[in-house]
Amino acid sequence: MRRWLPELLALPLLPWLLVQGKRTRRITPRLPEADGAREGWCTPADADDAAPVVLIAIGESPVAGVGVECQEQAVTAQFARELADALQRPVRWCAFGKNGATVADARQDLLPQLAQMAMPQERELRIVLVAFGVNDSTAFHSTGRYRRDLEALTRALQQQLSPRLLIISGAPPLHLFPALPQPLRQVLGMKAAALSRTAQQLASALQRAIYVPVRSDARDRSLMARDGYHPSAAGARLWAQQLAQATVAGLRTLK
């Protein structure tokens, strides 16, 4: 019953939710993807001859940098900086993001782009971040469909990239997004929470994988871009810190 609760709640409200959804899309500012290269290096001062880390992110609009001015402010680059400081190792980062992408879209449009990433070199530590959930929530994809799509994507990533650690992010807290009116905000928040639980269950079933929830109070406008829908540079930094902390803990369990 819990997995179908968003659908049960949405059904009697459907006409109202459709009107709210159309109005929200019409009045919400459309922000571009961030400028700059979608790859780079972060090297801590005391890295010496430490083996490099390769961080590869695949995801929806935050990975594409929507909500910030440049890629260095987006979540992948900030995650790489946090990780370099925590591990005291140089980190090469690459972001493969698409605004508006669902997991199924990523399998079709983003996965082929990762063919450029060669197999890990000797001593190289490879980490892959998978960050989706918002667009599958707004499309009201079922938890069963989300599980199938996410499992197909993550298994393809494991086979293609051979990461030491795969990180599956939860969906952001849509129930707190300022851009969304009530009751649309609450319904989409429940759907996002259901998809996050699905992602967590999948991560526990995969080898060398962890689930990391998005813990951010979107009511704090400093953490949100001006559209009230995407993370700001400060919001991306907070998310990056959470990802880095979970990654360090996850790597320890693999030793």
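The values are calculated or read from the model by the stated rules, or taken from the named source; none is laboratory data. Source: prediction; values computed, not measured. All Cβ positions, glycine included, derive from the backbone under ideal geometry; neighbour counts span all protein chains shown. Only protein heavy atoms, including side chains, enter the accessible area calculation; ligands, DNA and RNA are left aside. Shrake-Rupley method; radii C 1.70, N 1.55, O 1.52, S 1.80 Å.
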Notebook entry, point to check: Across region 41-60, what is the total count of residues that are open to solvent by less than 20 Å² (accessible area, probe 1.4 Å) and touching a strand residue (DSSP E or B) at 6+ places or on another chain (Cβ under 7 Å)?
Noted result: 10
Check: So which of ALA139, ALA104 is surrounded by 16 or more Cβ atoms within 10 Å (Cβ to Cβ) and of a type outside the set (Lys, Arg)?
Finding: ALA104
Checklist line | Selection status of ARG25, closer than 30 Å to GLN71 by Cα, of a type in the set (Lys, Arg), buried (at least 17 other Cβ atoms within 10 Å of the Cβ) and at pLDDT 80 or above | finding: no
Note to self: Looking for something farther than 26 Å from ARG126 by Cβ and touching a helix residue (DSSP H, G or I) at 6+ places or on another chain (Cβ under 9 Å) - is there at least one such residue anywhere in region 234-246?
What the structure shows: yes
Next item on the list: Go through the residues of region 228-250 one by one and say whether even a single one is hydroxyl-bearing (Ser, Thr, Tyr), farther than 17 Å from ALA57 by Cβ and free of Cβ contacts under 8 Å to residues at least 60 places away in the same chain.
Entry: no
Next item on the list: Looking only at region 126-145, decide whether some residue is in a loop (DSSP other than H, G, I, E, B) and under 21 Å from PHE79 (Cα atoms).
Entry: yes
Note to self: Any residue that is outside any loop (DSSP other than H, G, I, E, B), under 11 Å from TYR146 (Cβ atoms) and either open to solvent by less than 10 Å² (accessible area, probe 1.4 Å) or at pLDDT below 95 (or both) - is there at least one of those in region 172-192?
What the structure shows: yes
Next item on the list: Please go through region 72-95 and pick out each residue that is surrounded by fewer than 24 Cβ atoms within 10 Å (Cβ to Cβ), under 28 Å from THR28 (Cβ atoms) and free of Cβ contacts under 8 Å to residues at least 60 places away in the same chain.
Entry: GLU72
Margin query: Let me confirm something: among SER216, SER169, SER204, which residue is polar (S, T, N, Q), open to solvent by less than 20 Å² (accessible area, probe 1.4 Å) and within 18 Å of the chain's Cα centre (by Cα)?
Written below: SER169
Check: If ALA236 passes every condition in (1) open to solvent by less than 60 Å² (accessible area, probe 1.4 Å); (2) assigned to a loop (DSSP other than H, G, I, E, B) but one, which one does it miss?
Finding: (2)
